[in-house]
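Please read the structure below before turning to the comments.
Read-outs: derived from the displayed coordinates by stated rules, not from any lab. Given the structure is predicted, the values throughout are model-derived calculations rather than measurements. In this analysis, Cβ positions are derived from the backbone assuming ideal geometry, glycine residues included, and neighbour counts consider all displayed protein chains.
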Amino acid sequence: RAHTDAIGALNPRLNAYITPTADAALEAAAHADAALARDEAKPLTGIPLGIKDLFCTTGVRTTAASNILKNFVPPYESTVTANLLRDGAVFVGKTNLDEFAMGSANITSAFGPVENPWKRKGEADTVLVPGGSSGGSAAAVAAGLAMGATGTDTGGSIRQPAAYCGIVGLKPTYGRCSRFGTIAYASSLDQAGPMARSVRDCAIMLQSMAGFDPRDSTSVDRDVPDYSAAIGRSLKGLKVGIPREYRAEGLSAEIGAAWQQGIEWLRAAGCEIVDVSLPHTKYGLATYYIVAPAECSSNLARYDGLRFGERVEGQTLDAMYEATRRAGFGPEVRRRIMMGTYVLSAGYYDAYYLKAQKVRTLIRRDFTECFQQVDVLLTPTAPTPAFAQGEQSDDPVQMYLNDIFTVPASMAGMPAMSVPVGLGATGLPLGLQLIGRPFDEETLLAAGSALE
Ligand code: GLN
């Protein structure tokens, strides 16, 4: 009730939830109480969670923050949310996001922008963005409107909003959590993960979310280790790589200082700090913004007004498609579909898409080679703290630059986590990113608990 009351009081301002589900949550909480009274607690019994509105939830509207799905009620449950429900979690609502998870500031939602609960020192009236695309989840967790939330991360959408809102966000290895029932953006990159107020809470959530699922052909059949056991594990002798390419232009001084602080903390915990190089990092962003739109243009072809979602009638089939898609998709989604269609078209496929796939292999190889030398990498999560709403919104390229530190790990499929490490000069939270070997989320959790 504390959480549903807080949603009632704060959501009109923060807009973190598209669809709060207070009544269902209170009913589920009553069942949780009864289970606790019978001593039948499961790992998440009664824990109030927000669910990014990209996960299909049976009988609960799932919009992807798009007009084209504004009345879509899924007849089935995503595997990730089914796993959380199996373990006793209570869902308090569906959280806001950038439309189809395309964005870095949660300003492209058809349901309006999300407000970051944090304020710059002395600037009570400036509304800051929560980051994106999982901005609603991050704001909800930061403001106490949920104890934890699910996010999805294609190029940074869990980690960057976690950094902007001062919480922990973990993008697991590609294939660790099932994509079944998660509305697709770029299928070779999309990965679900937990967002919470502590590293331990992320470990507990991931325990439920992770695992093999035969209904997702890229889900990996590997045992799920005991993630909580990694928390507080000794870091003596752990080799931490500092990739020099991440000292990029545009890195704010306060984030540079936080990075140095993080290095000192890990050194004090017994880690060995190693200077490393990921030479293809500089191509990460350009490659990502070819591959992700290409996959998006293909995935979003299914919204044709026939099978599900909204329809706008037309004289002919083509006219109906056009009218439906014009009314259904916002400007950023259209831009991505156009870029993706262009790079996949016959004349440009080799020059752009195929080239990007080759560079992606080189980016992945950088990481694989690096992890022969070190166990984990430490970098900033984003080049700046949260910025003001409207600050970067009219320049898409400027907006894409926010993802410069998060996309390389996405392109390589590596697990990565953002941990809040304190407040910067303007009083805003700063996050550092840990990147690990495939399926070694445990080292991220162990090192992360020494940083938070
Ligand atoms: N900001 C990136 C994009 O717009 C990442 C989004 C995401 O990870 N879903 O594509």
Is it possible to state the helix-based mean residue ellipticity at 222 nm for the chain, with each DSSP H run of 4+ residues giving -39500 (n - 2.57), the sum divided by total residues, to the nearest 500 deg cm²/dmol? What is it? -11000 deg cm²/dmol
I need the peptides 207-216, 68-77 ranked by packing, meaning the mean over residues of other C-beta atoms within 10 angstrom, with the highest value on top. 207-216, 68-77
Please give every one of the lysines within straight-line cross-link reach of K70, meaning a C-alpha to C-alpha distance under 24 Å, and leave out same-chain neighbours fewer than 8 residues apart. K52, K94
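What is the ratio of the Cα radius of gyration of region 12-115 to 2.2 N^0.38 Å, with N the residue count, to two decimals?
Compared with the compact-globule rule of thumb, region 12-115 sits at 1.14.
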Could you pull out the GluC sites (Glu not before Pro) across region 287-378 that fall in loop regions by DSSP (anything but H, G, I, E, B) with no more than 10 other Cβ atoms inside 10 Å? E313
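Order the peptides 48-56, 194-202, 297-305, 425-433 from the highest to the lowest mean number of other Cβ atoms within 10 Å of their residues.
48-56, 194-202, 425-433, 297-305
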Give the share of C-alpha pairs in each 10 angstrom bin for the chain, from 0 to the last occupied bin, in whole percents, shortest bins first. 5, 22, 33, 26, 11, 2, 0, 0
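Dividing the alpha-carbon Rg of region 355-414 by 2.2 N^0.38 Å yields what? Don't jump to the answer; show the numbers that get you there.
Values: Rg = 14.5 Å, N = 60, 2.2 N^0.38 = 10.4 Å.
Cα Rg divided by the expected 2.2 N^0.38 Å: 1.39.
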So what is the relative contact order for region 126-199, in percent, with contacts set as C-alpha pairs under 8 Å and at least six apart? 36 percent
Diagonalise the Cα gyration tensor of region 286-350 and give the resulting equivalent ellipsoid semi-axes, square root of 5 times each eigenvalue, largest first, whole Å. 24, 12, 9
Let me check I've understood the local charge: for M399, count other residues with C-beta under 13 angstrom from its C-beta, Lys and Arg +1, Asp and Glu -1. What total comes out? -4
Quick one: Karplus J couplings for region 338-351, per residue in order, coefficients 6.51, -1.76, 1.60, θ = phi - 60°, nearest Hz, x for Gly and Pro? 5, 4, x, 5, 5, 6, 9, 6, 3, x, 10, 3, 5, 5
Each residue of region 374-389 in order: what ³J(HN,Hα) in whole Hz does its phi give by Karplus 6.51 cos²θ - 1.76 cosθ + 1.60, θ = phi - 60°, with x for Gly and Pro? 10, 9, 7, 10, 10, 9, x, 7, 9, x, 9, x, 3, 10, 6, 4
Ratio of alpha-carbon Rg to the 2.2 N^0.38 Å globular estimate for region 218-306, to two decimals, please. 1.63
Counting only residues 5 or more places away or on other chains, whose amide H sits under 5 Å from the amide H of Y17 once H atoms are built in the peptide plane? N96
Counting only other residues whose beta carbon sits under 13 Å from that of T426, what net charge do I get with K and R as +1, D and E as -1? +1
With the Cα gyration tensor of region 104-151 in hand, convert its eigenvalues to equivalent ellipsoid semi-axes via √(5λ) and list them largest first in whole Å. 18, 14, 8
